[in-house]
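The structure appears below as structure tokens.
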Amino acid sequence: MLGKFSNWIKRNEITEETAETILPEKIPNHVAIIMDGNGRWAKKRGLPRIAGHREGVKVVKKIVRKANGLGIKTLTLYAFSTENWKRPKDEVDFLMKLPEQFLINYLPELVEQNVQVQIMGEKDQLPGHTLKAVSEAVEQTKNNTGLILNFALNYGSRYEITHAVKQLINDVQEGKISQGDISEESIAHYFLNNNIADPDLLIRTSGEIRLSNFMLWQLAYAELWFTDVLWPDFTEDHLVQAILEYQHRGRRYGGL
């Protein structure tokens, strides 16, 4: 099925005329992206994996601009998972430098474009230089009212859920909340970045068809869109394709 859809993509390139068929009133409020395929992109070209990560950062800039222009309210990017620490040290070290480099070069534009930067993940494990860079970006953009650019950095959904359960149990024991008050809404209150609405659309690149421990609770009713395109080759047109597909789906949330 994925192969058929990939062929559809190849046959139907998005033009400016086609892009105009996007319905502004049906733009997804929150788009989440699993940016996958940097390493394979580099390998296909005989380059080190870090070359793929470097190229992937360029794509982030383009997609953020496009998302902002389309009126998407929140864009969550899966930048580094809790499992990614298992990768070779030199690759991890490089990945930890990317947020700093990205923000040094791009933060002025984010400020100008009224983008608010947020971070979702376990910050205590991040290197000092990485944490400093992302914290400064969050601080400098906290009053912006446009697109929320939410980086999932050192993020794992199972960790998030486990952490939330521990906090909830502690609050019940301390009498801050009663067992009868526990609901889906109160549980979600303990999640990281609980001020952000659940994603409407999840995009995953590189042909992998899994969630990889990403926002498992929040994606319960999201529309899922997979593509064979590797992240460094992902373009604004691919984002438009995903949104067009999203707009043609019926979201019934279990109803009729």
Descending Cα extents along the principal axes, the stretch 69-167, whole Å: 36, 33, 23
Integer Hz, Karplus 6.51/-1.76/1.60 couplings in order for the stretch 146-160, x for Gly and Pro: x, 3, 8, 9, 9, 8, 8, 10, 6, 10, x, 5, 5, 4, 4
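Quick check on the stretch 132-224: what does the Kirkwood estimate of hydrodynamic radius come out to from the alpha carbon pairs, in Å? Mind showing how you got there, number by number?
On the way: mean 1/r = 0.0645 Å⁻¹.
By the Kirkwood definition, the hydrodynamic radius is 15.5 Å.
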Calculated Rg and Dmax of the chain using C-alpha coordinates, Å: 18.8, 60
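Past 20 Å, Cα to Cα, is the threshold; run Lys26/Lys66; Lys61/Lys86; Lys26/Lys73; Lys73/Lys142; Lys58/Lys142; Lys62/Lys132 against it and keep the listed order.
Too far apart for the 20 Å limit: Lys61/Lys86; Lys58/Lys142; Lys62/Lys132.
Let me have the 222 nm mean residue ellipticity of the chain computed from DSSP H runs of 4+ only, each contributing -39500 (n - 2.57), with the sum over all residues rounded to the nearest 500.
Details: 9 runs with 115 residues, N = 256.
Using -39500 (n - 2.57) per qualifying helix, the result is -14000 deg cm²/dmol.
Computed from the coordinates by the stated procedures, all read-outs in this text should not be read as laboratory data. Computed from a predicted model, the values in this text were never measured in an experiment.
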